[in-house]
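Since the structure comes first, as structure tokens, the remarks are kept for the end.
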Amino acid sequence: MLIPEVVGFKLTGKLNEGVTATDMVLTVTQMLRKKGVVGKFVEYYGAGLNHLSLEDRATIANMAPEYGATCGFFPIDDETIHFLNATGRDSQRVALVEAYAKAQGMFRHADTPDPIFTETLELDLSTVVPSLAGPKRPQDRVALTDMVSNFTTALGDFGKTGNTSGRFEVEGKDFDLGHGDVVIAAITSCTNTSNPSVLIGAGLLARNAVAKGLKVKPWVKPSLAPGSQVVTDYLAKANLQKDLDALGFNLVGYGCTTCIGNSGPLPVEISQSINKNDLVAVSVLSGNRNFEGRVSPDTKANYLASPPLVVAYALAGSVNVDLVHHPLGNDQDGNPVYLRDIWPTTKEIAETMRAAVTREMFVKRYANVFAGDKHWRSIKTSGGLTYKWDENSTYVQNPPYFVDMGMVPAPIENVHDARILGLFGDSITTDHISPAGNIKLQSPAGSYLTSKQVGAQDFNSYGARRGNHQVMMRGTFANIRIRNQVAPGTEGGLTRLMPEGEQMPIYDAAMIYKERDVPLVIFAGKEYGTGSSRDWAAKGTMLLGVKAVIAQSFERIHRSNLVGMGIAALQFKDGDSWQALGLDGSETVTIEGLEGVTPRATVQAHIAYADGTKKTIDLLCRIDTQDELDYYAAGGILPYVLRNLVA
């Protein structure tokens, strides 16, 4: 195995009044992305830990996929033990954790010397300011004071120039819409919404707003989806849920909702106005991920923010409102109300938490957590040792991973005369590769469901249908925002079938290539596969017939998943890129050196251009370990495991 480098991240000082854990984690994410920690561990240390709750630390650790690290972790200390006791853990288990950590020399005290690292970063927590991140990536932090100017710049990136202040009618409504209007405001995501400080903060801000007579703008769709049912208990005990309800932040469920594209459709009239006028509408959410096409097909700009700021932007109704210097609205007497007038103090939040969050809540909620509710328990099962596949199901189908699989894997072969299915740029996320959100009617997946007599209203999402490979392979590279330079000027999962040059959906072209027995390759830029682990991003790629992905750099999890599905992950060397090679998708590619390949070996790609010229380049094989090579040689980890089970 490769021993990962451990990067030290020193935290000093403490957060200032009015600054949240979310502001801190967005700052940390920005710093670590700039540093570059893909494939590395990040350990947090320093005196700043003395002022961070375990929930605050968990908020940072949970963002590891967003800042690119294999993991981010904190040492065990008194705060850890306090959290375990406060959340109802068995006292003997808590004592064991403490004793073991101390016996191993792993227990941190306030005077513990700083560890020694080969590389370090440092953040003075007192320099953190209220922030958001967007409009497309979690690492693109924006100070709250800069939000208006940031969005103005973003409009240019979205192709909007000239007068962008126009307003457009919404049929049957007494309001209009424009660029920058917030149409989704979601308190969502498992970790951010399991941190009591920001949830209580949002509730108190809502209480203060309601007391002032403020209302959410009518075009905003608010929602509350905590990561734990305990949140419901302490918001109710603090009498804050009624204030959130008054602003429309009603409980819609627990866990993944808006943050993974499950916000549900906007009102038809609002959606039509956005699309008819090509508006850059906005979502503000407290999740970890805001990648293109992930949140909603109607929101091109998506900003991550703390739960209190989510409420604030629901009140403002637009990111064109400067929340620092301009009022959110007027009170009952017509006086302007500023964000600072309703923002709760750190002391107020802490006092409410102490009164509302109790050990008994955790004990009660988690006593029978694996039993499920009455709906779960009422699901009928047939039993037996194997699953009985329903051929008529459009949700679960028997995947073809083991079709024609023998006990002895076929030898590794080089890739000959492959066609290029996709030419992609930098920061292609697993959401680009395998979207989790809405299924469009006019798409290969939509056509498949229609052929199975599923109405568009019942399409649900790719995430909900991830048990059906027929849907998921059709959805691979079908993100509504993905841009494939094999079909330049297009958006939404198109390519050109070669050599004809006919433009069509990527899935349709891949199936024609499969009929012709033509292997496929993908070319990409830097940070290919960022974001969620999303196993379907690798599974779908394999099912399309892709034999190799060639990129300038990979995110660790997706690179590993590609290899685990029997796809060669290959990395450009010496500053090469598909742009520098002048590729346009009309070329064929032969890859030699895969036969008998060893971990991190050099292989060759022979590129044949349409005009008859040829070029050979060296590539680094990113099959990094012997275990990964064993999986690759077996045709993927699934055949590898099955053969071992039956051996």
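Evaluated against (1) open to solvent by 10 Å² or more (accessible area, probe 1.4 Å); (2) at pLDDT 95 or above; (3) under 22 Å from the mean Cα position of the chain (by Cα), Arg556 falls short on exactly one condition, (2). Would you check if Ile617 is more than 27 Å from the chain's Cα centre (by Cα) and without any contact (Cβ under 8 Å) to a residue 60 or more places away in the chain? Answer is yes for this residue. Scanning the range 154-173 for residues that are free of Cβ contacts under 8 Å to residues at least 24 places away in the same chain, outside any loop (DSSP other than H, G, I, E, B) and charged (D, E, K, R) gives a single hit, Asp157.
Only one of Val415, Val396 is at pLDDT 95 or above, farther than 24 Å from Phe291 by Cα, in contact with a Lys or Arg (Cβ under 8 Å, 6 or more places away or on another chain) and aliphatic (A, V, I, L, M). Can you tell me which?
On the way: Val396 fails: in contact with a Lys or Arg (Cβ under 8 Å, 6 or more places away or on another chain).
Within the list Val415, Val396, the selection yields Val415.
I want to confirm something. Restricting to the range 1-23 and keeping residues that are β-branched (Val, Ile, Thr) and assigned to a loop (DSSP other than H, G, I, E, B), which single residue is surrounded by the most Cβ atoms within 10 Å (Cβ to Cβ)? I'd like the intermediate steps shown before the answer.
Pass one, the range 1-23, residues β-branched (Val, Ile, Thr): 3, 6-7, 12, 19-20, 22.
If we keep only those that are assigned to a loop (DSSP other than H, G, I, E, B) too, we end up with 3, 19-20.
Values: Ile3: 6, Val19: 20, Thr20: 28.
Restricting to residues being β-branched (Val, Ile, Thr) and assigned to a loop (DSSP other than H, G, I, E, B), the top hit is Thr20.
Residue count for the range 418-459, restricted to those that are in contact with a Gly (Cβ under 7 Å, 6 or more places away or on another chain), open to solvent by 40 Å² or more (accessible area, probe 1.4 Å) and modelled with pLDDT of 95 or more: 1. Screening the range 61-151 for helices (runs of 4 or more DSSP H) wholly inside it with 2 or more residues that are hydroxyl-bearing (Ser, Thr, Tyr) returns the ranges 91-103.
For first residues located in the range 4-16 and among the aromatic types (Phe, Trp, Tyr), partners that are surrounded by fewer than 19 Cβ atoms within 10 Å (Cβ to Cβ) and in a strand (DSSP E or B) and lie 6+ apart or on another chain with Cβ distances below 6 Å form the pairs Phe9/Leu121.
Tell me, which helices (runs of 4 or more DSSP H) lie completely within the range 324-395 with 3 or more residues that are surrounded by 12 or more Cβ atoms within 10 Å (Cβ to Cβ)? Spell out how you get there, then give the answer.
Numbers: elements: 339-342, 346-356, 359-366, 374-377.
Filter on the range 324-395 gives 339-342, 346-356, 359-366.
From the residues in the range 258-274 that are within 26 Å of the chain's Cα centre (by Cα) and polar (S, T, N, Q), which one is least open to solvent (accessible area, probe 1.4 Å)? Steps first, answer last, please.
Let us first name the residues in the range 258-274 that are within 26 Å of the chain's Cα centre (by Cα), namely 258-267, 270-271, 274.
Those left that are additionally polar (S, T, N, Q): 258, 262-263, 271.
Working: Thr258: 3, Asn262: 73, Ser263: 20, Ser271: 28 Å².
Once the filter is applied, the top-ranked residue is Thr258.
Enumerate the strands (runs of 3 or more DSSP E) found wholly within the range 570-645, keeping only those where 2 or more residues are in contact with a Cys (Cβ under 8 Å, 6 or more places away or on another chain). Reasoning before the result, please.
Numbers: elements: 588-592, 602-608, 614-621.
The qualifying strands (runs of 3 or more DSSP E) are 602-608.
Condition check for Val42 on (1) closer than 23 Å to His109 by Cβ; (2) out of contact with any Cys (no Cβ under 8 Å at 6 or more places or on another chain): one failure, at (2). Name every residue in the range 55-107 that is open to solvent by 40 Å² or more (accessible area, probe 1.4 Å) and hydroxyl-bearing (Ser, Thr, Tyr), in order of residue number. If the condition is that a residue be open to solvent by 40 Å² or more (accessible area, probe 1.4 Å) and hydroxyl-bearing (Ser, Thr, Tyr), then Thr70, Ser91, Tyr100 are the ones that fit. Restricting attention to the range 24-39 and to residues that are out of contact with any Lys or Arg (no Cβ under 8 Å at 6 or more places or on another chain) and open to solvent by less than 40 Å² (accessible area, probe 1.4 Å), the residue that is nearest to Asn288 (Cα to Cα) turns out to be Val25. Taking the numbered list (1) in contact (Cβ under 8 Å) with a residue 12 or more places away in the chain; (2) within 22 Å of Glu500 (Cα to Cα); (3) open to solvent by 30 Å² or more (accessible area, probe 1.4 Å); (4) of a type outside the set (Phe, Trp, Tyr) in turn, Asp611 passes all entries but (1).
Among the charged types (D, E, K, R), open to solvent by 20 Å² or more (accessible area, probe 1.4 Å) and in contact (Cβ under 8 Å) with a residue 40 or more places away in the chain, is that true of Lys539?
Working: among the charged types (D, E, K, R): yes; open to solvent by 20 Å² or more (accessible area, probe 1.4 Å): yes; in contact (Cβ under 8 Å) with a residue 40 or more places away in the chain: yes.
So Lys539 passes the test.
The values are calculated or read from the model by the stated rules, or taken from the named source; none is laboratory data. Keep in mind it's a predicted model, so treat the numbers as computed, not measured. Every residue, glycine among them, receives a Cβ derived from its backbone with ideal geometry; neighbour counts consider all protein chains shown. These accessible areas exclude ligands, DNA and RNA; they are computed on the full protein's heavy atoms, side chains included. Shrake-Rupley method; radii C 1.70, N 1.55, O 1.52, S 1.80 Å.
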